[in-house]
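Notes follow the structure.
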Amino acid sequence: MEQAGPASACPGMTQQNLQWAVPVMRAGYAGRGLIYLVVAVLSLLAIWRGSTPEGTGEAMASLERAWWGIALLALIAIGLAAYGIWRLVAAFWDLEAHGSEAKGIIARIGQVVTGLIHLGLAFTAAAILMPSSSGSNGGSSLDKWTAKIMQMPFGQWIVGIAGLIGLGAGIYYIWKGVSHKYMENLRAKPMTLKLQPALTTGLVANGAVIAIVGFLLAYAAWTLNPSEAGGLAEAFDWLREKPYGTVLVTALAVGLLGFSLFCFVNAVYRIVPKLKTDDMETLARRLAS
């Protein structure tokens, strides 16, 4: 008898009908892993040379200088687009089993937002590949968008709420790593068992980045200063200004290297909750037994 998976979200849709979403999800996590690997490696090299690590856009722009970088950038663009599509599909058919109550709806809205963000990153990567592209033009695109939004009616509130949501999301990912909640959606394999500490560290580091970016966005709204907002590069700058800043920046870069590993492992071993079958043993179940 065929299981009815996410049929409640869309009549006629069964587990079998939605199996195509699994390879899209895996390609998406692989692309996400690539971009974080590039960012982490370039950040560590920058720290080694005594300079400031750059953000995601700058890291992608730097790849166009070599033929292998262009090939890698193309793979990243495809992967990020796949991840964006996966998040939208997961939200629409509730493939992550969040449910239709208030908490679940908020989680699915978050999936839509992250899906659109990753589609935007994919577009950025593709734009860099275009002959007319001049790469990164300096500055943070986030603070430019923040400035535009803050000029709108209630713009300060919109930016502030977005910042608080980002801060909350970052704290959630930190909790997800520390509590090992992510293990509920990973298959129990020798590799996932051995890499558990690195996976936890990577997810916590990603949560820290999201929380810092959210905080900077909220602070920009509070001070009515769009230049306070920013992405990963600004998060690095913010940490560098703190006591033991170089140590903190280095720790974050190493953590992002762990998050790239987290993405690659998810690309191979992640389980889609609504498409899960009884023969799939999760890492959480293995460790609990």
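Residues of the stretch 90-106 that are surrounded by 18 or more Cβ atoms within 10 Å (Cβ to Cβ) and of a type in the set (A, V, I, L, M): A90, A91, L95. Which ones in the stretch 52-74 are without any contact (Cβ under 8 Å) to a residue 40 or more places away in the chain and of a type outside the set (G, A, S)? Within the stretch 52-74, R65, W67, W68, L72 meet the criteria. Of the helices (runs of 4 or more DSSP H) lying entirely inside the stretch 177-252, those containing at least 2 residues that are within 26 Å of G160 (Cβ to Cβ) span 196-223, 232-240. Scanning the stretch 94-104 for residues that are hydrophobic (A, V, I, L, M, F, W, C) and modelled with pLDDT of 90 or more gives a single hit, L95.
Only a single criterion out of (1) closer than 19 Å to A253 by Cα; (2) among the polar types (S, T, N, Q); (3) touching a Leu at 6+ places or on another chain (Cβ under 8 Å) is not satisfied by Q111, namely (1).
Looking at A46, A91, A81, just one residue is assigned to a helix (DSSP H, G or I), at pLDDT below 90 and of a type in the set (A, V, I, L, M), and that residue is A46.
Just to verify a result, which residue in the stretch 37-72, among those that are under 19 Å from the mean Cα position of the chain (by Cα), of a type in the set (V, I, T) and buried (at least 17 other Cβ atoms within 10 Å of the Cβ), is nearest to T124 (Cα to Cα)? Ranking the qualifying residues of the stretch 37-72, first place goes to T56.
Pairs linking a residue in the stretch 15-30 that is closer than 19 Å to L257 by Cα to a residue that is at pLDDT below 90, with Cβ atoms under 8 Å and 6 or more positions apart or on different chains, are G28/H118. Out of curiosity, is G115 assigned to a helix (DSSP H, G or I), touching a Phe, Trp or Tyr at 6+ places or on another chain (Cβ under 9 Å), closer than 25 Å to G202 by Cβ and at pLDDT below 85? Spelling it out, it is not the case that G115 is assigned to a helix (DSSP H, G or I), touching a Phe, Trp or Tyr at 6+ places or on another chain (Cβ under 9 Å), closer than 25 Å to G202 by Cβ and at pLDDT below 85.
The values are calculated or read from the model by the stated rules, or taken from the named source; none is laboratory data. The structure presented is a predicted model; accordingly, all values stated were derived computationally and were not measured. Quick reminder, even Gly has a Cβ in these numbers, built from the backbone with ideal geometry, and neighbours come from all protein chains shown.
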